[in-house]
Amino acid sequence: MSTPAAATPAGAVEGGSTTGTTAGTNAGTSAGNTAHAGASSAVEQRLAELGLTLPDVAAPVAAYFPAVISGNHVYTSGQLPFINGKLEATGKVSSGTEGASDEPTVSPEAAKHYAAVCAVNALAAVKSVIGDLDRITRIVKVVGFVSSDPSFTGQPGVINGASELLGKVLGDAGQHARSAVGVAVLPLDSPVEVELIAEFA
């Protein structure tokens, strides 16, 4: 069974990366990112208190942007639990009482940890387009995908890792609607993937 990695993703985002919006790159947003580059927001300070640092935004593995802006909402692409640029575990999530023992599996507890890593990576993607995480007024929706053994039904508990992390760092603004979905397989054989919609001012 794969084991969870250290809880601290490394590498702070400097806030100046350029990504697209639904109408293309927004020059005003890019300027705002530059103005906020290197700033330490209250949200990032709360992350630091948890021993976490925003990572660099993962490079897309296909034809998409990590995050786009539409109106006053940021929509992130699905974020995998990259730590220091790599997946620390692969395989289906299983409690260990189901599934073929010769297949790589990830425990629900480890998968919950990786869902939290996905949430941190999603916040990094949000920052890359709005510059300052303190601009978030609400996490509107979280969608979590769990690569599941066919008999595994604990997807909500796994995605609680992301939900609890968002609540800790954003307080009331981190409370959200959510879907937790079991799937047969995820990109790169990741055990979990998380995307979110954030409202900002």
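Quick note: the coordinates plus some simple rules give every number you see, no bench work behind them. Treat the numbers as computed from the prediction; the structure is a model and nothing was measured. Note: ideal-geometry Cβ built from the backbone for every residue, glycine included; neighbour counts use all protein chains shown.
What is the sum of charges around Ala162, taking Lys and Arg as +1, Asp and Glu as -1, for the other residues whose C-beta is under 15 Å from the C-beta of Ala162? Summing Lys/Arg as +1 and Asp/Glu as -1 gives 0.
Here the contact order of region 41-183, divided by its residue count and restricted to Cα pairs under 8 Å and six or more residues apart, works out to 27 percent.
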